[in-house]
Amino acid sequence: MELEFAKMSGAGNDFIVIDNRKRAIGRDVRELTKQLCRRRMSIGADGLILLGESRDHGFRMRYFNADGSEADMCGNGGRCVARFASELGITGREIEFESSAGLHRAEVHEDGSVTLMLPDPRAIIMDTTLPFDGEILALYRVNTGVPHAVIEVPDVEAYPVFERGRFVRYHSTFAPEGTNVDFVTLKPDGTLRLRTYERGVEDETLACGTGAVASALMMAALNKITSPAVVMTQGGEPLIVRFYMSEHGFCDVSLSGDARIIYWGKLQLSED
C-alpha cells in the first residue's frame, strides 16, 4: 500500500505528517512510529502526526513521540498539522481541530507561519526543588497540553541540558508519566533563550512549542517578562508566545512561528 506523507518542521521540531482519515494506518501505530522516526535508518523525526476524522471539527490530531508513546498534544506539531490540512484543502486558513488535550484553533498565514491557540495552562506549581550533584534545581511546573518543568539558568548555552534534563524527566516527583524539561535564560534584550529535553524523544530537540509556552508563562509569573514573548529555540528559529495574565492566572495563550513543509514523499506499507 502506498501512502503519501509530508516531512515538516516547526521551528526545528520535525515531524512526519500523514492524512489518515481513511484509516489506512490501522496497525500498531507505536511500532510504525518507532520505525519511521529512526534517524539515519528511516525518514527520521521527533514524532509522527496522524490527521484523522472529526465529527464536529476540521480534523482530529493524534501525536506519537519518536519512541512510540502517544502524547495528548504537541504545540509545534499542532501548527504543522494545521498547515498540512490547509495545503491539502481539508480546511481553510482558519481552523478548528481536536486532540486529546481538547479543542484548538489555528490560523495559517500567507507566509506559511501558523498561530495556534492553546488551552489555558493548568497544574502550575512554583516551589519544587530537587537536589542534583551538589546543586539545588528550582523548578516551575505547568501543563501546557503536556507537562513541563521549567528551570531558569544563567547561561543556557553552556548548561548540561541532556544530563540535567534526563535526571528531572525520570525523577520520582514526576512518576509515572515523567515530564518535559525546559532550561531558559533571559537575555539582555528581553528575549528568552530556550533548550528542551523532550519526554518521548529522550533527548534535546531543536525546538518545543509547548515548552516555549511553558517557559514564557513561568517567566511571566516571576514578573520577568510580559506578552508577547520572543523565545529563541536551539534550531535558531523564534517562537512568539502571547498570553493574558491576571490575578486569576493565564488565558488567551497562543504560539506563533515557522511551520514549513520540507518535502513530500510516499511510503510503501505492507498490507498485514
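So here's what we get for this one:
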item: Convex hull projection area averaged over all views, segment 114-175, Cα basis, nm²; result: 5.6
item: Distance between segment 62-134 and segment 152-172 - C-alpha centres, whole angstrom; result: 23
item: Helical contribution to [θ] at 222 nm, DSSP H n ≥ 4, -39,500 (n - 2.57), averaged over the chain, rounded to 500; result: -5000 deg cm²/dmol
item: Summed side-chain charge close to residue 114 - residues other than residue 114 whose Cβ falls under 14 Å, Lys, Arg +1, Asp, Glu -1; result: -2
item: Residues of type lysines that residue 266 reaches as a straight line, Cα spacing below 20 Å, ignoring anything fewer than 8 places off in the same chain; result: 7, 22, 34
item: Cβ-based exposure ranking for 198, 2, in which fewest neighbours within 10 Å come first; result: 2, 198
item: Using a Förster distance of 45 Å, the FRET efficiency for residue 252-residue 67 (Cβ separation, nearest 0.05); result: 0.85
item: Sites residue 132 and residue 38, calculated FRET efficiency, Cβ-Cβ separation with R0 30 Å, nearest 0.05; result: 0.45
item: Rg(Cα)/(2.2 N^0.38 Å) for segment 56-197, N = residue count; result: 1.19
item: Among beta bridges that DSSP assigns inside segment 1-103, antiparallel share in %, nearest 5; result: 70
item: Loop GluC sites (Glu not before Pro), segment 203-272 (other Cβ atoms within 10 Å of the site Cβ: 12 or fewer; DSSP); result: 247, 271
item: Lysines whose Cα lies under 19 Å from that of residue 187, excluding same-chain neighbours fewer than 8 positions away; result: 224
item: Charge sum, other residues only, whose C-beta stays under 12 Å from residue 157's C-beta, Lys/Arg counted +1 and Asp/Glu -1; result: +2
item: Distance from segment 1-53 to segment 218-272 (C-alpha centre basis), Å; result: 21
item: Gained length - residue 87 relative to residue 31, 0.36 nm times residue gap less alpha-carbon distance; result: 17.4 nm
item: From phi via Karplus (6.51, -1.76, 1.60), per-residue ³J(HN,Hα) for segment 153-158 in Hz, x at Gly/Pro; result: 10, x, 9, 5, 4, 9
item: ³J(HN,Hα) computed for each position of segment 52-64 - Karplus, 6.51 cos²θ - 1.76 cosθ + 1.60, integer Hz, glycine/proline x; result: x, 5, 10, 6, 10, 9, x, 6, 10, 9, 10, 10, 10
item: Crossing angle, helix 209-221 versus the chain [Cα axis fit, 0-90 degrees, rounded to tens]; result: 20
item: Rough spin-label spacing in nm, given labels placed 7 Å along Cα→Cβ, for residue 124 and residue 3; result: 4.0
item: Shape parameters for segment 163-272, alpha-carbon atoms, Rg then Dmax in Å; result: 16.6, 56
item: Nonlocal amide H pairs with residue 69, under 5 Å, H built at 1.01 Å; result: none
item: Calculated from backbone phi, Karplus (6.51, -1.76, 1.60) coupling profile of segment 8-21 in Hz, x at Gly/Pro; result: 10, 9, x, 6, x, 5, 10, 9, 9, 10, 10, 7, 10, 5
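Values in this text are rule-based calculations from the coordinates and carry no lab data. On a predicted model such as this, the values are computed, not experimentally measured, just so you know. Positions of Cβ are backbone-derived with ideal geometry, glycine not excepted, and every protein chain shown enters the neighbour counts.
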